[in-house]
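Taking it in order: structure first as structure tokens, then the write-up.
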Amino acid sequence: MSLPALAGKTAAILVTHGFDESILINLQKQLNEAGVKAKMVSKENGLINGWAGKQWGLSYPVDGVWRETLAVDYDIMIIPDGDQHLKALLSDSHAKRIIAAFLREKAPSLLIGGGVDLASSLNLVGDVAPDHDAHVCVDDHVVVAGKDAPISEMIDNLALAVSNAVDAVDAA
């Protein structure tokens, strides 16, 4: 896949307390290697805590807050897995506004694990779902990945979604 499509892009990673820490750490590393500026966007300023297995994980700095975030300020949206943080996303009007804006405008988006269910419950994506926990698929601009899918496969498909978005703009 053509990872240069990702270089110079800015990604909004929508998170709050309880996101799946193991996925996020590896995802951030590979995004950085691909030249993506990954920004943690959360409900509150300061630090948020990841979830590591069956206990709280490390604290992570927040780059922006939902109430001040516009989808047009970012090229890519990423929603990682994590039951606790997905509940917060689903119940927050600012988070729902951001998610809806990204998906409505067909911005490249990566939905991981429960992030797929969240977008579906908001009626923002159609019948796009990974076949199992370790699968990744792309539907035009939306990449959906099972929680156990390889991060490299997620990144490759995200590059494809970015290329699709560029092609759609060029065709218009």
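Every read-out reported here was derived from the displayed coordinates using simple, explicitly stated rules and does not represent laboratory data. Values in this document were obtained by computation on a predicted structure and should not be read as measured data. Quick reminder, even Gly has a Cβ in these numbers, built from the backbone with ideal geometry, and neighbours come from all protein chains shown.
Just a few scattered comments:
- With contacts taken as Cα pairs under 8 Å at a separation of at least 6 residues, the chain carries a relative contact order of 23 percent.
- Value of [θ]222 nm, deg cm²/dmol, for the chain, DSSP H segments ≥ 4, -39500 (n - 2.57) each, nearest 500: -11500 deg cm²/dmol
- The range 2-79 shape via C-alpha gyration tensor axes, a/c threshold 1.5: oblate
- Binned Cα-Cα distances of the range 3-171, short to long, each 10 Å bin given as a whole percent: 11, 44, 38, 6, 0
- For the range 35-89 versus the range 134-160, the spacing of their alpha-carbon centroids is 19 Å.
- Descending by average beta-carbon neighbour count within 10 Å, the peptides 43-50, 101-108 line up as 101-108, 43-50, the highest first.
- Axial C-alpha extent at least 20 Å, average Kyte-Doolittle at least 0.0 - helices from the chain (DSSP): 151-171
- Computed about its Cα centre, the charge dipole of the range 3-171 is approximately 560 debye, with only Lys, Arg, Asp and Glu carrying charge at their Cβ.
- Residues of type lysines that Lys54 reaches as a straight line, Cα spacing below 16 Å, ignoring anything fewer than 8 places off in the same chain: Lys147
- When peptides 53-66, 152-165 are ranked by their average number of other Cβ atoms within 10 Å per residue, the highest-first order is 152-165, 53-66.
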